[in-house]
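See structure below.
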């Protein structure tokens, strides 16, 4: 009889440690995935000033659009937390769409090799951000699911593991509106 009790205690302790370590692993994976997003966002932020300056050389009278892109970039850089970052990134994407709409009126700009290289690089970065976002959200889903399911949720809440937010890009007004092209 004592062996059965000892075996049950060992099983419970083993389950306890495996569950706790599972939470730590999932939390670390989500944090690593967020770091991947931050790397791609930084890459994007570094490309934007070069893109704006290239377009400025051809479209000097479009200063309002340049200011909006610059403001949206600054807001995105300073955003704290996943929800705020998602909101700021949505706004930045909307202003970039308007910047690219402006370029349609300047055929010599669209033929500029520097502009084309920047546009390609930014497009590649956007694709990498999407992939990193999907990876992060998948890790957050797994972590939050474990935190919500019994009996693991007892251990999770006992040790203060908190749910993580998904990195969602909200449907901003700018993103929902068609891009206006002015000639």
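Could you identify the single residue in 33, 65, 72 that is surrounded by 12 or more Cβ atoms within 10 Å (Cβ to Cβ), part of a helix (DSSP H, G or I) and more than 18 Å from the chain's Cα centre (by Cα)? It would help to see each step written out before you state the result.
On the way: 33 fails: more than 18 Å from the chain's Cα centre (by Cα); 72 fails: more than 18 Å from the chain's Cα centre (by Cα).
Result: 65 is the single residue among 33, 65, 72 that is surrounded by 12 or more Cβ atoms within 10 Å (Cβ to Cβ), part of a helix (DSSP H, G or I) and more than 18 Å from the chain's Cα centre (by Cα).
In the stretch 93-123, what count of residues is obtained for those that are touching a residue at least 24 places away in the same chain (Cβ under 8 Å) and touching a helix residue (DSSP H, G or I) at 6+ places or on another chain (Cβ under 9 Å)? Walk me through it before giving the result.
So the first thing to find is which residues in the stretch 93-123 are touching a residue at least 24 places away in the same chain (Cβ under 8 Å), and the list is 93-106, 108-109, 112, 114-115, 118-119, 121-122.
Still in the running and touching a helix residue (DSSP H, G or I) at 6+ places or on another chain (Cβ under 9 Å): 93-104, 106, 109, 112, 114-115, 118-119, 121-122.
Count: 21.
Quick check, is residue 7 closer than 30 Å to residue 154 by Cα, in a helix (DSSP H, G or I) and touching a residue at least 40 places away in the same chain (Cβ under 8 Å)?
no
One residue stands out among those in the stretch 104-151 that are more than 23 Å from residue 73 (Cα to Cα), more than 28 Å from the chain's Cα centre (by Cα) and in a helix (DSSP H, G or I): the one that is modelled with the highest pLDDT, which is 113. From the list 170, 178, pick out the single residue that is assigned to a loop (DSSP other than H, G, I, E, B), surrounded by fewer than 14 Cβ atoms within 10 Å (Cβ to Cβ), touching a helix residue (DSSP H, G or I) at 6+ places or on another chain (Cβ under 6 Å) and at pLDDT below 95. Sole residue among the options that is assigned to a loop (DSSP other than H, G, I, E, B), surrounded by fewer than 14 Cβ atoms within 10 Å (Cβ to Cβ), touching a helix residue (DSSP H, G or I) at 6+ places or on another chain (Cβ under 6 Å) and at pLDDT below 95: 170.
Taken residue by residue, the stretch 83-92 has no member that is assigned to a helix (DSSP H, G or I) and over 17 Å from the mean Cα position of the chain (by Cα).
Considering the stretch 44-70, and only residues there that are out of contact with any helix residue (DSSP H, G or I) (no Cβ under 8 Å at 6 or more places or on another chain) and within 14 Å of residue 98 (Cα to Cα), the residue that is modelled with the highest pLDDT turns out to be 67.
The values are calculated or read from the model by the stated rules, or taken from the named source; none is laboratory data. Model, not experiment: these values are computed from the prediction. We place every Cβ from the backbone using ideal geometry, glycine too, and count neighbours over all the protein chains shown.
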